[in-house]
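Chemist: Sharing a structure here in structure tokens format.
The values are calculated or read from the model by the stated rules, or taken from the named source; none is laboratory data. If you're wondering where the values come from, they're calculated on a predicted model, not measured in any experiment. Every residue, glycine as well, gets a Cβ built from its backbone with ideal geometry; the counts of neighbours run over all protein chains shown.
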Amino acid sequence: MSKPSDADAPLRQESRPARPPEGGPGQAPRDDSTGRAARQGRPGRRQLTIASIALLLFAVVSAASGQVMLKHGMQIATARAADAGGSLALRAATSPWVLLGLVVFGVSAIAWLAALSRVPLSVAYPFNALGYLVILIASIILLHERANLLTWVGSLLVVSGLLIVVLSKP
């Protein structure tokens, strides 16, 4: 017979007895390492640090860059498939711009995961709105696409919502 692994065992509560709060009834227990009141089960809202904001911005800008590279690669693959014939899927799969776009997009996903480990999702996710502006500007400058006034107004409204969420107090 084989011995059951720990993974198969039911979850157990910690065997140490709970300490009563130090400050008496009505006071929150103190965190031993800081001396401040310890949080009890409430995740709360963490403070945004410069490093967290930089990580979020990197994730958003790299995702937007990857999208622009994918679009550029697909434009080239479409033109080549139309000119020389052949499969668009094969042309896209062998396009250096498409492959580079996928790599950059993968890097942005890893950066996004790192950002989510530090920042609450309710704060992090609105940062994706900045991607709208980055992609809008890049598509105009790099891909020579056109944007109408309503596209600009809508994008600016979304980014205004981002600012409201990030700058609001909990």
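Chemist: Considering only residues that are of a type outside the set (D, E, K, R) and surrounded by 12 or more Cβ atoms within 10 Å (Cβ to Cβ), which ones fall in the stretch 107-123?
Modeler: Within the stretch 107-123, 107, 108, 109, 111, 112, 114, 115, 116, 119, 120, 123 meet the criteria.
Chemist: Do you know which of the residues in the stretch 55-84 that are over 21 Å from residue 136 (Cα atoms) and surrounded by fewer than 16 Cβ atoms within 10 Å (Cβ to Cβ) is nearest to the chain's Cα centre (by Cα)?
Modeler: Residue satisfying both the conditions and the ranking: 78.
Chemist: When you scan the stretch 136-152, do you find a residue that is in contact with a Ser or Thr (Cβ under 9 Å, 6 or more places away or on another chain), buried (at least 17 other Cβ atoms within 10 Å of the Cβ) and within 14 Å of residue 65 (Cβ to Cβ), even just one?
Modeler: yes
Chemist: Search the stretch 83-101 for residues that are within 11 Å of residue 73 (Cα to Cα) and free of Cβ contacts under 8 Å to residues at least 60 places away in the same chain and pair each with any residue that is surrounded by 15 or more Cβ atoms within 10 Å (Cβ to Cβ) and β-branched (Val, Ile, Thr) when their beta-carbon atoms are under 7 Å apart and the residues are at least 6 apart or on different chains.
Modeler: Close Cβ pairs satisfying both conditions: 92/98; 95/76; 97/76.
Chemist: So, one more: Looking at 55, 90, 70, 48 in this structure, which one is part of a helix (DSSP H, G or I) and either touching a Phe, Trp or Tyr at 6+ places or on another chain (Cβ under 8 Å) or modelled with pLDDT under 90 (or both)? Give the steps one after another, and end with the answer.
Modeler: Details: 55 fails: either touching a Phe, Trp or Tyr at 6+ places or on another chain (Cβ under 8 Å) or modelled with pLDDT under 90 (or both); 90 fails: either touching a Phe, Trp or Tyr at 6+ places or on another chain (Cβ under 8 Å) or modelled with pLDDT under 90 (or both); 48 fails: part of a helix (DSSP H, G or I).
Among 55, 90, 70, 48, only 70 is part of a helix (DSSP H, G or I) and either touching a Phe, Trp or Tyr at 6+ places or on another chain (Cβ under 8 Å) or modelled with pLDDT under 90 (or both).
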